[in-house]
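Read the structure below first, then the notes.
Please treat every number below as a calculation from the coordinates, not as lab data. Because the structure is predicted, anything quoted here is derived from the model rather than measured. Glycine also receives a Cβ, built like all others from the backbone with ideal geometry; neighbour counts cover every protein chain displayed.
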Amino acid sequence: MFDEDPEGKHIFGTVRVGERGQIVIPKKAREIFSIQPGDTLLVVGDEKRGIAIVKADTFKAMAKRLFCIFDQEPVEDPED
């Protein structure tokens, strides 16, 4: 395997799911992604690729940028 994680990529280890479906996010992951008590996280999933956890405010910022794209006039395809 790797002696070090590739740049910007991390393997934080494993977590165990409790009886109530809860997991503990490893400390190093919380530090790197600035996850604080009380933060809201969004859990998204793809049945083939797995589950991802994203800070809700990060996702909201991405959505706002996406909405700005919709506000722009469509570019016509010169081949039409």
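Under the shape rule built on the C-alpha gyration tensor, where the axes satisfy a ≥ b ≥ c, region 1-42 is oblate, since a/c reaches at least 1.5 while a/b does not exceed b/c.
Taking 0.36 nm per residue of separation and subtracting the Cα-Cα distance, full extension of the segment from I51 to K28 would add 6.4 nm. Of all the options V44, V17, V54, the one that moves most in a Gaussian network model of the chain with Cα springs shorter than 10 angstrom is V17. Normalised by 2.2 N^0.38 Å, where N counts its residues, the alpha-carbon radius of gyration of the chain equals 1.58.
Any lysines with Cα under 22 Å of the K9 Cα? List them, leaving off those in the same chain fewer than 8 positions away. Leaving aside lysines fewer than 8 places away in the same chain, those within reach of K9 are K27, K28, K48, K55. Remark: the chain carries a charge dipole of roughly 900 debye about the Cα centre, counting +1 on each Lys and Arg Cβ and -1 on each Asp and Glu Cβ.
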